[in-house]
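Report on the following structure.
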Amino acid sequence: MMGHQTKQTQWWSDPVNVFARIPEDRLLRRLNRSLDLDFVRVEVAAKYGRNGQVSVDPIVIVKMMLLLFLDDVKSERELMRIIPLRIDYLYFLGYGLEDAVPNHSVLSKARNRWGKEVFERLFARTIEQCLNAGLIDGSKLHVDSSLIRADASLHCVLVVEKTLAKLEEPPTAPAKSEPAPPDDEPRAGGPINDGHLVQTDPDATVVRHRTGKSVPSYKNHRVLDDKAGVITALKTTTGCVAEGRELMALVAQHETAIGRKPRAVIADSAYGTTANLIALAESGIRAHVCDLRSRLNNVRRDGIFAAEAFTYDQATDAYFCPAGEVLVTDHFHARRGYYEYRAARGVCAACPLASQWTRDKSGRTLKRYAGQEHLDRARRQSHGPAAKRDRKRRQWFQERNFGEAAVQHGFKRSRWRGLWRQQIQDLLIAAIQNIKIYLRKADGFNGKARRVIYGLLEALPRSLEPTPASEWLARA
């Protein structure tokens, strides 16, 4: 039987639109429509010269970095290998089927050339986009942090002999004293050994999280808006930085990005330090923060009168105990910012209620901070029913955000070394999460729902549908 060759007109006559095979509801197609990266060229223009080899388009480089974390590709080499195999990647990057993919080194060179400012601007633009779409309310903030494993092995940790080094140094003038940390501030991430140095990544610090073993780590601090979970503030530090010290800076960053002050801040007990409670109350922000004092003062003060049982007399600047004795100012802790009140010598020892006052042989003492009124108000708010409801919501609201970042975008392990590179990684992941929230919420229905609704509208009789289906979808 004689064969007959069929002419393949789709290859030899008419052009083939391969990218039309990408569904309209595909994430990268929707992302390409919603993400405006024209600002990148303006931001990095001063980083390039006028002569020499033509570089890869900066917009393409940023898109490649987004793909690296969007699909959690394990390395930049792997990303360059799979780009030609994915038509959605080629469409997103603006490449054709025959275009050459650049070497993976263009990404690291771009980061070194640009710095982190471009990525800070990218993150800020995602906040602006969500704000314009009505996805940010700005009244309630959820604050939390998470440790990130640095790209360094425990075998690279060097024990630093600080004692011998200090003996060899010449004597110097005493340094100016710095403010001491608050009494109720916990140590960040568990016990930290300051005598350890990570040789391959000196910016990382050795931290033990809870009951785990000590590992080189960074720490990411985040602020989520309560309405849709948009990340409105972000800061990356070494792993040894205590969460509570970054609270007010994060609140200020949120206020700058949104343009208004929050009504309430929700956080766990790591942020419930005295300094934070006073600062929130002085700023007019409700402190729905778990009071750290309730976690620290447990066994040691069981059966002992709480400080609230003592009455303060502002006229005489003295406290009166439940037995009627007076506690007057003993001294002022300038570095810690509080006055200490104490009863006269021997009064507590002779009192029949001494066992309920204190276990200290020298007698009971009380602390009163300069902003004690603000502190008392913030503590009342933190123990109120509204604060408890908000903290209950925070248990899943904040952890869901960190969980998505860890499972889908490689959040829990550093790809690069150095604090500023880790900051770029966290900015890219946060920007991706904000964009996904925007596409889920502000972009209307998802692709499947659009197809169903479109089919139903097209099936309606014309007498019932005077408006085209495309206009119905636009209005939705």
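The values are calculated or read from the model by the stated rules, or taken from the named source; none is laboratory data. From a predicted model like this one, the values you see are computed outputs, not experimental measurements. With ideal geometry, Cβ positions are generated from the backbone for all residues, glycine too; neighbour counts draw on all protein chains shown.
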Selected residue (criterion: modelled with the lowest pLDDT) from residues of the stretch 405-448 that are small (Gly, Ala, Ser) and in a helix (DSSP H, G or I)
Gly447
Show the residue pairs meeting these rules: Cβ distance below 8 Å; 6+ apart or different chains; first residue within the stretch 424-451 and in the same structural domain as Ser414 (by TED's automatic domain parsing) and polar (S, T, N, Q); second residue buried (at least 22 other Cβ atoms within 10 Å of the Cβ) and at pLDDT 95 or above.
none
Is it true that some residue in the stretch 341-357 is modelled with pLDDT of 80 or more and within 29 Å of Arg245 (Cβ to Cβ)?
yes
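Yes/no matrix, rows are residues, columns are (1) of a type in the set (Phe, Trp, Tyr); (2) in the same structural domain as Ile285 (by TED's automatic domain parsing); (3) within 23 Å of Arg293 (Cα to Cα):
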| site | (1), (2), (3) |
| --- | --- |
| Ala315 | no, no, no |
| Tyr319 | yes, no, yes |
| Tyr339 | yes, no, yes |
| Arg368 | no, no, yes |
| Ala386 | no, yes, yes |
| Arg391 | no, yes, yes |
Does Lys166 satisfy the condition of being surrounded by 14 or more Cβ atoms within 10 Å (Cβ to Cβ) and either at pLDDT below 70 or within 26 Å of the chain's Cα centre (by Cα) (or both)?
no
What pairs can you find where one residue is in the stretch 110-130 and farther than 17 Å from Leu234 by Cα, the other is of a type outside the set (Lys, Arg), and their Cβ atoms are less than 7 Å apart, with a gap of 6+ or different chains?
Ala110/Ile61; Arg111/Ile424; Trp114/Val44
Restricting to the stretch 194-249, give me the number of residues that are farther than 16 Å from Gly138 by Cα and either outside the structural domain of Ser283 (by TED's automatic domain parsing) or part of a loop (DSSP other than H, G, I, E, B) (or both).
17
Boolean, Leu460 is of a type in the set (A, V, I, L, M) and either out of contact with any helix residue (DSSP H, G or I) (no Cβ under 9 Å at 6 or more places or on another chain) or modelled with pLDDT of 90 or more (or both):
no
Cβ-Cβ below 6 Å, separation at least six or inter-chain, first residue in the stretch 48-63 and within 17 Å of Asn112 (Cβ to Cβ), second outside any loop (DSSP other than H, G, I, E, B) and not charged (D, E, K, R): which pairs?
Val56/Val106; Pro58/Val40; Pro58/Val44; Ile61/Ala110; Val62/Val40
When you scan the stretch 381-404, do you find a residue that is at pLDDT 80 or above, crowded, with 18+ Cβ neighbours inside 10 Å and outside any helix (DSSP H, G or I), even just one?
no
Considering only the stretch 17-130, give the helices (runs of 4 or more DSSP H) lying wholly within it that have at least 3 residues that are under 30 Å from Gly259 (Cβ atoms) and not assigned by TED's automatic domain parsing to the domain that holds Val230.
27-34, 39-44, 58-70
Of Phe92, Phe119, the only residue that is at pLDDT 95 or above, surrounded by 19 or more Cβ atoms within 10 Å (Cβ to Cβ) and among the aromatic types (Phe, Trp, Tyr) is Phe119
Considering Arg393, Arg413, Arg389, Arg400, which residue is of a type in the set (Lys, Arg) and within 19 Å of Leu79 (Cβ to Cβ)?
Arg413
One residue from Val106, Val207 being over 27 Å from the mean Cα position of the chain (by Cα), aliphatic (A, V, I, L, M) and modelled with pLDDT of 80 or more:
Val106
Which residue, of Asp99, Asp88, is touching a Phe, Trp or Tyr at 6+ places or on another chain (Cβ under 9 Å) and of a type in the set (Asp, Glu)?
Asp88
Qualifying residue in the stretch 254-276 (condition: over 26 Å from Pro385 (Cα atoms), part of a loop (DSSP other than H, G, I, E, B) and at pLDDT 90 or above):
yes
Test Phe397 against the stated conditions and say whether it is in contact with a Ser or Thr (Cβ under 6 Å, 6 or more places away or on another chain), over 17 Å from Phe310 (Cβ atoms) and among the aromatic types (Phe, Trp, Tyr).
no
